Each structure stands twice: as structure tokens, then as C-alpha cells.
1. Suppose we keep only residues that are within 16 Å of Asp376 (Cα to Cα) and assigned to a helix (DSSP H, G or I) within the range 321-343. Which one would you say is most open to solvent (accessible area, probe 1.4 Å)?
2. Quick check on the range 250-260: of everything there that is open to solvent by 10 Å² or more (accessible area, probe 1.4 Å) and in contact with a helix residue (DSSP H, G or I) (Cβ under 8 Å, 6 or more places away or on another chain), which residue is nearest to Glu278 (Cα to Cα)?
3. Would you point out which residue out of Gly136, Gly144 is in a loop (DSSP other than H, G, I, E, B) and not acidic (Asp, Glu)?
4. From (1) within 17 Å of Phe461 (Cβ to Cβ); (2) of a type in the set (A, V, I, L, M, F, W, C); (3) in contact (Cβ under 8 Å) with a residue 40 or more places away in the chain, pick out the condition that doesn't hold for Leu156.
5. Pull up the range 101-133, narrow it to residues that are in a strand (DSSP E or B), open to solvent by 10 Å² or more (accessible area, probe 1.4 Å) and under 23 Å from Tyr175 (Cβ atoms), then point me to the one that is modelled with the highest pLDDT.
6. All but one of (1) surrounded by fewer than 24 Cβ atoms within 10 Å (Cβ to Cβ); (2) under 24 Å from Leu362 (Cα atoms); (3) among the small types (Gly, Ala, Ser) hold for Gly264; state the number of the condition that does not hold.
7. Within the range 357-392, track down each residue that is assigned to a helix (DSSP H, G or I) and touching a residue at least 40 places away in the same chain (Cβ under 8 Å).
8. Looking at the range 150-209, which of its residues are assigned to a loop (DSSP other than H, G, I, E, B), among the polar types (S, T, N, Q) and in contact with a Gly (Cβ under 7 Å, 6 or more places away or on another chain)?
Amino acid sequence: MTQTVESLTRERNWNMPKSFRFFVFFAGLWVAMPALGQVHYHKDGRPWSVTTRRGPDAIAGGWYYNLGITGMRAILVEKEPTQLLVKYVFNGTPAHGKIKPGDLLIGVNGRRFATPHLNGYSVEVFGGKGPLRDLGIAIEESQGRKLRGKLSLAVLRDGKTRKETLGLGTSNGIYGKKFPSDCPKSSRLRKQLCEFIAGKQRADGSWGQPHINTFSALALLASGESRYLPLVKKNAEFHARKTRARDRSSLINWRYMAAGIVMGEYYLRTKEKWVLPELKEVYEFLLSSQYTDLSQVTDSAKKRKLPRREGQALGGWGHNPGFEGYGPIAMVTGQGALTFAVLKHCGVDVDRARHDSAYEFLARGTGRNGYLWYADSPSRHDRWADMGRTGASAVANFLSPYKDKKYRASALGHARAIGDHPETLPDTHGSPMMGMGFTALGAHVDRASFRRMMDSNRWWFTLAQCPDGTFYYQPNRDNNPYDFTDGAGRLSASAVVALIFLMDEKNLLVTGGAK
């Protein structure tokens with residue numbers, strides 16, 4: 001395979017303890033094995049056996065692929081990589097009464113599935129190649145006028161092949177050539193999604209995990225509809241209550257960056273004076289948690305002999321302040337640089353030296369092809385993988401408040417890396433929905449790159465859409481896990497898709513609105 005074990009593992013193990021490096025190495029070997037699906041097949045039934053107790057997916061019985069508006073959920077068949085095994089069918093959907101759990105889908109619209117599924121984690125298998133992609137394309141095709149809303153499935157049941165035709169209708173329509181712009185379907189869906197997001201806000205103003213808080217609030221603001229402003233204000237007030245200039249909580253940097261971006265965008269929209277002191281608190285915290293010198297290295301990090309070299313990770317952020325965990329990484333640092341940029345645009349007096357040190361961290365980790373590696377040292381200049389951190393750095397550089405041309409050049413380099421490899425969009429490290437959101441924001445910096453990303457993944461948008469118009473968090477090589485700690489399998493995906501479908505409206509600073 002083109003993407004070697006070395007390139008899959010070096011980007012994230014340069015400053016890890018030896019025991020953890022051995023784990024990553026063997027995980028890399030497993031990833032590099034041929035015919036590996038997008039999710040691992042564990043002997044204990046994971047990931048398919050992962051369940052939720054809340055929301056409409058609780059009754060499905062596992063973490064299965066959503067097959068568009070058909071109402072079917074399915075899994076990949078390891079020994080039969082050109083088939084999909086149906087595991088559940090929702091009542092009242094087009095597949096109900098026609099397709100049964102246990103059925104094997106072997107073809108669609110008169111075409112047998114011929115390409116084995118190759119949708120795991122490496123450059124050879126990004127993009128859902130195989131039955132999933134083929135089915136997604138066919139489902140959209142069937143919703144057009146040519147096929148009059150009919151989806152024809154070849155089904156293997158009890159050893160016999162049969163044909164079943166599902167009535168999908170044409171009311172959903174197909175995506176336009178310029179979607180999400182100039183596209184009635186995208187317009188209709190984003191309105192539905194914003195209503196869904198609004199209905200899921202908690203009493204305290206949050207939507208759950210930091211990335212869901214980020215994308216839910218940003219999607220509502222991006223809609224440009226004033227009726228959602230009270231909900232975003234409630235979320236901003238939640239962040240204001242939960243942040244302070246000094247904080248030693250665990251995994252804290254993610255939450256403060258989410259708070260700074262959301263409150264900053266809310267301030268830019270409303271200019272409400274109470275927000276500025278809260279943004280300054282976030283800024284003070286991020287100053288304290290950015291890694292700048294050896295005095296910040298914790299005792300536990302020192303025992304692991306971190307950092308390993310002079311100047312390593314300067315200007316970056318990790319999961320926690322200082323060098324706790326395994327030190328600063330690019331995904332968090334990209335968000336930190338972006339937060340500084342948003343705060344500066346809001347009028348906060350951001351220390352340029354600190355801000356530039358974050359940009360320099362990102363630059364050190366970027367290959368000549370524009371791909372940003374795991375930390376501040378590229379493994380290779382001709383290799384690439386998931387693009388979440390590349391996207392975060394792209395939008396951070398694009399929003400740099402400084403006029404030097406290097407920031408714009410970095411932003412375009414990152415965006416074009418995404419455009420060159422758009423198939424990575426739905427398949428990212430850590431929290432896939434967060435990675436997907438930042439990948440899209442980064443691609444949006446360059447119109448041509450955003451176009452390639454959307455065109456390459458329209459099958460995913462079709463397959464992830466549920467019969468009720470919400471979007472579903474499809475199985476991924478990372479699961480975080482299925483966002484089921486919050487029962488948010490629909491909310492996280494719906495929030496990210498809503499924001500993507502609203503980016504061209506440019507109602508936010510991060511989507512290219514007025515600086």
C-alpha cells in the first residue's frame with residue numbers, strides 16, 4: 001500500500017512513552033493490513049455492538065451504517081466485501097416490509113456491487129470505496145426524475161437472489177451541481193437541521209461535548225436568522241459561566257477554544273459589551289496553557305523525558321496545559337491559533353509573539369504538500385492522511401489579523417491539500433465529526449478546493465441522511481465512541497452538515513464573513 005506503517009505512525013509517536021509507541025506501532029500494522037474496513041472487526045462484536053440508550057437510534061441495536069432515507073442500517077461483511085448485511089429496518093420507511101434484517105444487499109439499480117469495500121485508514125482506502133459509495137450514488141440517482149423515485153435492490157435472502165423496489169419519492173430531490181449553493185435540496189435540509197439543533201439545546205445552554213457546542217452554535221449563527229440569536233446567546237452565557245482565567249481541569253484546552261470561537265462569533269454579530277470581558281478571560285487562560293518553556297513541564301512528563309529535544313512543541317497546545325499527556329499537538333494548536341485570531345478580530349489585545357509562535361508550530365508540522373502532521377515535525381513531505389488539523393490550520397491562517405503574505409499562503413496551501421485529497425472528509429482522527437467540520441472550514445478557504453471536496457463526498461451526504469432529514473454519525477476508524485456518551489449520534493453529524501451547507505452564506509468570520 002502507498003501509505004506505509006511508518007507514515008501512519010511517525011506523525012503521532014515522536015513524543016510518546018515507549019509503551020504507547022509500541023501500541024501505536026502494532027495498531028499501525030493492523031491498519032495497514034489488506035481488506036481492512038473503515039472500522040475494525042473485533043472478536044467481541046465491536047464496533048457494531050456499540051449501542052445508545054437515547055434518541056431514535058436506541059432501537060437499532062448497534063452502531064451500523066445508515067443507508068440514506070431507505071430506513072436500512074447495515075454493516076460491512078468482512079469475508080464478502082462486495083455485500084452489505086442489513087441489521088435493522090426502521091418502521092414506516094421505504095425499506096420497511098420489503099427488506100429484512102439478515103438480508104444481503106448485492107446490487108442496486110441493475111448493477112451488481114463489484115468493487116470490494118476499501119474504506120479504512122490509509123491513502124489507498126479513504127473515501128468509502130465499494131458498496132457503500134455505490135449505494136449512496138444510486139440512492140441519489142433514484143430520487144431524480146429519471147428513475148421517478150424508485151430504488152431497485154438485488155437482495156440475497158436464504159441463498160436466493162430476489163429483486164425489491166423501494167419507493168423513495170422525488171420530493172427530496174438531488175443535490176445541485178453547485179451544492180450547497182444554488183441548491184434547493186441543500187437549502188431545505190439546512191433549515192430542517194437548524195430546527196433540529198435548536199430543539200436539542202439543553203436547559204443550561206449547551207449541546208454537550210465541546211465540538212458539538214461549537215458546531216451547533218456556529219450553524220445557528222451561520223443561518224443568519226435572528227430567531228436563533230437567543231439560543232446562541234444562551235450558549236455563550238453557558239461558556240461564560242464555565243470559563244475563567246485559571247483552570248486546571250482535565251482535557252481543558254478543547255473546551256476553552258470552543259468557548260472563545262463561539263463567544264467571539266456571537267460578539268461580532270451582536271457587539272454585546274458583556275462578552276468582551278469573557279473573551280479576555282479565555283485569552284488569559286489560553287496564554288497560561290500554551291507551551292512556551294520548560295518551567296511548564298509537569299513532573300509526570302519529566303519522568304517520561306518529555307520534551308525530547310530543545311525547542312520542541314514551543315507555541316503549541318495539547319489536551320491540557322503545559323506538557324501533560326503527550327504534549328502539544330497540531331489539532332489543538334490549530335484551534336488555539338484560530339481562537340487567538342477570532343479574539344483579535346473582536347478587539348482583544350492578543351500578544352503577537354504568542355500568536356505567531358502558534359503559527360510557527362503549525363508551519364513546522366506542515367509538509368511541502370500542505371498536509372499538517374500530528375505535531376510540529378513532518379514525517380514526509382509527499383505523504384498525507386486525515387485532514388482535520390490541516391483544515392483547522394487553514395482557517396486559522398486565513399483569519400490571521402496580520403498582513404504578512406505568509407499567512408495567506410499557508411492557508412491556501414492547506415486548503416489545496418484538502419482539495420487534492422477530498423476523500424478524507426468523513427474519515428478523520430480522534431473525534432471524526434470535529435475533524436470533518438474543520439476539514440470543511442479549511443477547504444472553504446479556497447473555492448476550487450471546497451468544490452472538489454463537496455463533489456467527492458456527495459455520496460456520503462446522501463448516505464448519512466436519515467428518513468427524518470437529520471444526519472447520522474456513520475461508523476469511522478475512530479468513534480469517540482459513536483458520540484453515544486451524550487446520545488448524540490444524530491446531533492453531532494447534523495450540526496456539522498448544517499454548518500457545511502451554510503458556509504457559502506458567509507455569515508460568520510470563520511466562513512469568510514467580514515473581518
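1. Among them, the one singled out is Met331.
2. Result: Arg255.
3. Gly144
4. Exception for Leu156: condition (1).
5. Restricting to residues being in a strand (DSSP E or B), open to solvent by 10 Å² or more (accessible area, probe 1.4 Å) and under 23 Å from Tyr175 (Cβ atoms), the top hit is Arg111.
6. (1)
7. Restricting attention to the range 357-392, the residues satisfying the condition of being assigned to a helix (DSSP H, G or I) are 357-364, 388-392.
Residues satisfying the conditions are Ser357, Ala358, Tyr359, Glu360, Phe361, Leu362, Ala363, Gly388, Arg389, Thr390, Gly391, Ala392.
8. Residue satisfying the conditions is Thr170 alone.
The values are calculated or read from the model by the stated rules, or taken from the named source; none is laboratory data. Predicted, not measured: the structure shown is a model, and the values here were computed from it. Please note: Cβ atoms are built from the backbone with ideal geometry, for glycine as well, and neighbour counts cover all protein chains shown. In case anyone asks, the SASA skips ligands and DNA or RNA and just uses the protein heavy atoms, side chains included. Shrake-Rupley method; radii C 1.70, N 1.55, O 1.52, S 1.80 Å.
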